[in-house]
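Q: Input: one structure, supplied below.
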Amino acid sequence: MKRVVAQGTFDILHPGHLHYLREAKSMGDRLHVIVARQNNVTHKPDLIVPASQRVEMVGALDPVDHARLGHPSDIFVPIEEIDPDVIVLGHDQHHDAEAIEAQLAERGVDCAVRRASGRPAGDDELLSTGQIIEKILATRS
């Protein structure tokens, strides 16, 4: 059985998240999703949705076999526990695939690191949490 890991903040779910998770699932048999804790998210402002709710929502999506909250201080702990065959990075995630591969090798985790494709946006689609927040602020102020 081929295990795949995807990870992200999944703050306000949108079709881009679903595209990412479907593509990740297509790379194996079981998809494990690691949902980031607020203290591990340094590239975005404070998250809107509480961690437990983000895990619950991601876990309810069809491609996802298991969703869990990330480790509070070491993002590689859940990866070591899952022992995946593939880690799939989102198309716009800031992670350096080569640095991740080096950390995995140092920890003895033998898996491939791939990057998912982006979903092309339709006419009125919002495919990022930031876009959704901006639209809410623009229409509610």
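The values are calculated or read from the model by the stated rules, or taken from the named source; none is laboratory data. This structure is a prediction, so every number in the text was calculated from the model and none was measured. Note that we place each Cβ from the backbone using ideal geometry, even for glycine, and neighbour counts take in every protein chain shown.
Q: Tally time: how many residues in the range 28-39 are buried (at least 17 other Cβ atoms within 10 Å of the Cβ) and under 15 Å from the mean Cα position of the chain (by Cα)?
A: Here is the first cut: in the range 28-39, the residues buried (at least 17 other Cβ atoms within 10 Å of the Cβ) are 28, 31-37.
Filter once more, so that each one left must be under 15 Å from the mean Cα position of the chain (by Cα): 31-37.
The total comes to 7.
Q: Another question about this same structure. Residues of the range 2-25 being touching a strand residue (DSSP E or B) at 6+ places or on another chain (Cβ under 6 Å) and more than 10 Å from Val88 (Cα to Cα), which ones?
A: Hits for the range 2-25 are Arg3, Phe10.
Q: Taking only pairs six or more apart or across chains, which ones have beta-carbon atoms under 7 Å, a first residue in the range 109-123 that is under 18 Å from Leu18 (Cα atoms) and in contact (Cβ under 8 Å) with a residue 24 or more places away in the chain, and a second residue that is crowded, with 17+ Cβ neighbours inside 10 Å and among the small types (Gly, Ala, Ser)?
A: Pairs that qualify, where the first residue is under 18 Å from Leu18 (Cα atoms) and in contact (Cβ under 8 Å) with a residue 24 or more places away in the chain and the partner is crowded, with 17+ Cβ neighbours inside 10 Å and among the small types (Gly, Ala, Ser), are Ala116/Ala24; Ala116/Gly90; Arg119/Gly16.
Q: With a cut-off of at least 3 residues that are modelled with pLDDT of 95 or more and touching a Ser or Thr at 6+ places or on another chain (Cβ under 7 Å), name the strands (runs of 3 or more DSSP E) lying wholly within the range 1-87. I'd like the intermediate steps shown before the answer.
A: Details: elements: 3-8, 30-35, 66-69.
Per the criteria, no element qualifies.
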